[in-house]
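For reference, the structure is listed below as structure tokens.
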Amino acid sequence: MRLILLGPPGAGKGTQAKMLNKKFDRPQISTGNILRKSIQEGTELGCQAKVLMNEGKLVQDEIVISLIRERIVEEDCRGGFILDGFPRTINQAEKLTETLNNMNLSIDTVIDFEVSTEELLHRLTGRSTCSGCGAMFHIASCPPLKEGICDSCGEALYQREDDNKETIKKRLEVYENETTPLREYYKKQGNLKIIQGSGSVEEIFSKVCLMVS
Ligand code: AMP
């Protein structure tokens, strides 16, 4: 299973990737998570990425491409992987295709999650994430049992710095300009599948599972 989850911020890629990881035991590779970890650890990469991320802009292609190249050759990726948030530009997609070709591999399925802008704004502005396990909550549709505390692992919840109205607007704009051309790219490769990303997490997951199996 070599899978790409495509879709705007707030489309549910991260949530679905986690569920797929649990069910199929394939690693979720989220460039956003890798970058956030680097910021937390105060690495040079983290310092470089932080400003761009907080402005809702994309981190340089060379950086994320090299992160992915290093990650997909790791042992746990032998049976496949779930890419969540990568690729985000045509250049990234081309470099991924090239890297996989060199390994005699290819992407099996690309799932594009379609969600209305109104719904995305609603989801992102009310979203909180667990600092321990990465579980996600929403102030209205999926509140934690105890405010500010993760139901699953008991760690503290936080709101991502880029989940504020102004930055969200920028992220959606960047998505439209830089990432939507990937639909055409993968359509041409013949492996694009589209999912209406509204509905319950479980409903969407059932559709996702049908697409990957
Ligand atoms: P995400 O967690 O996927 O929403 O990503 C959060 C932020 O990390 C994005 O807004 C970008 O600034 C950066 N980022 C994550 N993945 C990529 C990527 N593939 N290319 C460029 N920037 C990325």
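The values are calculated or read from the model by the stated rules, or taken from the named source; none is laboratory data. This one's a predicted model, so the numbers in the text were calculated from it and none came from an experiment. Cβ atoms come from the backbone with ideal geometry, glycine included; neighbour counts cover every protein chain shown. For the accessible areas, the whole protein counts, side chains as well, though only heavy atoms, and no ligand, DNA or RNA atoms are used. Shrake-Rupley method; radii C 1.70, N 1.55, O 1.52, S 1.80 Å.
Some points to look at:
- Stokes-Einstein diffusion for the stretch 97-213, with the hydrodynamic radius set to the Kirkwood value over Cα pairs and evaluated at 10 °C in a medium of 1.306 mPa s, equals 95 µm²/s.
- Kirkwood radius and radius of gyration were both taken over the C-alpha atoms of the stretch 60-165, and their ratio Rg/Rh is 1.05.
- Hull volume per residue, based on the alpha-carbon atoms of the stretch 1-125 and their convex hull, is 116 Å³.
- Solvent exposure of the stretch 99-154 as accessible area per residue, Å², 1.4 Å probe: 55 Å²
- Size descriptor, Kirkwood hydrodynamic radius, that averages inverse alpha-carbon separations across the chain, Å: 17.6 Å
- Percent accessible area from carbon and sulfur atoms, the stretch 113-213, protein chains only, probe 1.4 Å: 51 percent
- Here the peptides 174-184, 83-93, 7-17, 99-109 are ranked by packing, the mean other Cβ count within 10 Å, and the order with the highest first is 7-17, 83-93, 174-184, 99-109.
- Evaluated at q = 0.13, 0.20, 0.27 Å⁻¹, a Debye calculation over the C-alpha positions of the stretch 31-102 (equal weights, vacuum) places log10 I(q)/I(0) at -0.38, -0.87, -1.33.
- Qualifying GluC sites (Glu not before Pro) in the stretch 14-114, where qualification requires a DSSP coil assignment and no more than 16 other C-beta atoms within 10 Å, comprise Glu55, Glu74.
- Beta bridges from DSSP with both residues in the chain: antiparallel share about 30 percent, rounded to the nearest 5.
- Local charge for Ile29 was computed over the other residues whose Cβ lies under 11 Å away, with Lys and Arg +1 and Asp and Glu -1, and equals -1.
- Protection proxy ranking of 118-130, 197-209, by the mean of other Cβ atoms within 10 Å over each peptide's residues and highest first, is 118-130, 197-209.
- Sparse-neighbourhood loop sites, trypsin sites (Lys or Arg not before Pro) in the stretch 23-83 - DSSP loop, at most 11 other Cβ within 10 angstrom: Arg78
- Divided by 2.2 N^0.38 Å, where N counts the residues, the Cα radius of gyration of the stretch 127-171 comes to 1.18.
- Cα extents of the stretch 8-71 along the three principal axes, largest first (Å): 35, 25, 21
- D by Stokes-Einstein for the stretch 1-41, Kirkwood Rh over Cα pairs, 4 °C, 1.567 mPa s: 116 µm²/s.
- Note: relative contact order over the stretch 107-211, using C-alpha pairs below 8 Å and six or more positions apart, is 36 percent.
- Neighbours of Arg160 by Cβ distance under 9 Å: Lys/Arg scored +1, Asp/Glu scored -1, total -1.
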